[in-house]
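Okay, so here's the structure we're looking at.
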Amino acid sequence: MTDLEHFRQQLNHYFLAYADSPLSDEQKLDFEGLRYYDPNPALVIEADLDYFPAGEPLIEMETTTGDLRHYRRWARIDFTVDGAPAALTIYSDPWGESLFLPFKDGTNGAETYGAGRYLDNHRPGLDVRGDRIVVDFNFAYNPYCAYSPEYSCPLPPRENWLDVPIAAGEKAFE
């Protein structure tokens with residue numbers, strides 16, 4: 001079993017068995033596991049980190065419930081997907097300890113959650129290596145608001161909307 005398969009198996013167990021799962025008790029009755037794209041090695045990208053200045057001001061990111069969350073623009077990455085150029089901004093919490101990569105892409109609303117998906121450094125998928133980063137989109141996941149309106153989830157800023165499809169990671173919840 002690969003690390004990705006093991007992680008997905010653990011996540012399904014968490015969603016089904018734990019009280020703090022984003023699923024309601026009713027949803028758990030029919031839960032057969034999250035849906036994913038097949039692993040796509042082409043969507044494991046390694047890129048240079050183009051850091052923003054240390055004094056970069058905080059930005060406000062709107063959430064699905066209209067609240068605002070504060071983040072700092074941490075670094076930008078440029079890469080290609082199926083020959084098309086793409087760029088994303090990685091954000092940090094105000095203290096620079098947690099990294100957050102919210103994004104929208106060409107699959108949103110059709111195959112994946114309409115409001116976008118995430119990667120962060122508290123799960124596999126973002127691996128900083130000095131001035132480079134490995135971004136494994138196979139670990140892209142839906143925010144908890146994809147399962148319940150009780151959650152308030154940051155919406156990816158316009159600078160993180162990709163035209164290209166990222167056909168990797170978690171699909172829309174049914």
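The values are calculated or read from the model by the stated rules, or taken from the named source; none is laboratory data. In this text the structure is predicted, and so the values were computed from the model without any measurement. All Cβ positions, even for glycine, are placed from backbone atoms using ideal geometry, and neighbour counts span all protein chains on display. Calculation scope for accessible area: heavy atoms of the full protein, side chains included, ligands and nucleic acids excluded. Shrake-Rupley method; radii C 1.70, N 1.55, O 1.52, S 1.80 Å.
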Close pairs (7 angstrom Cβ cut-off, 6 or more residues apart or separate chains): without any contact (Cβ under 8 Å) to a residue 60 or more places away in the chain and over 14 Å from Tyr144 (Cβ atoms) in the stretch 14-25, of a type in the set (D, E, K, R) and open to solvent by less than 50 Å² (accessible area, probe 1.4 Å) anywhere: Leu16/Lys28
List every residue pair whose Cβ atoms sit under 9 Å apart, with the two residues 6 or more apart in sequence or on different chains, where the first one lies in the stretch 43-58 and is among the aromatic types (Phe, Trp, Tyr) and the second, anywhere, is surrounded by fewer than 14 Cβ atoms within 10 Å (Cβ to Cβ). Tyr51/Asp131
Checking Tyr91, Tyr51 in turn, the sole residue that is exposed (fewer than 15 other Cβ atoms within 10 Å of the Cβ) and modelled with pLDDT of 95 or more turns out to be Tyr51
Could you check Ser21 against (1) of a type in the set (Gly, Ala, Ser); (2) farther than 27 Å from Pro157 by Cα; (3) touching a Phe, Trp or Tyr at 6+ places or on another chain (Cβ under 9 Å) and say which number it fails? (2)
Condition (residue is out of contact with any Asp or Glu (no Cβ under 7 Å at 6 or more places or on another chain) and open to solvent by less than 20 Å² (accessible area, probe 1.4 Å)) applied to the stretch 122-130: is it met by at least one residue? no
Any idea which of Pro157, Pro102 is surrounded by fewer than 22 Cβ atoms within 10 Å (Cβ to Cβ) and not β-branched (Val, Ile, Thr)? Pro157
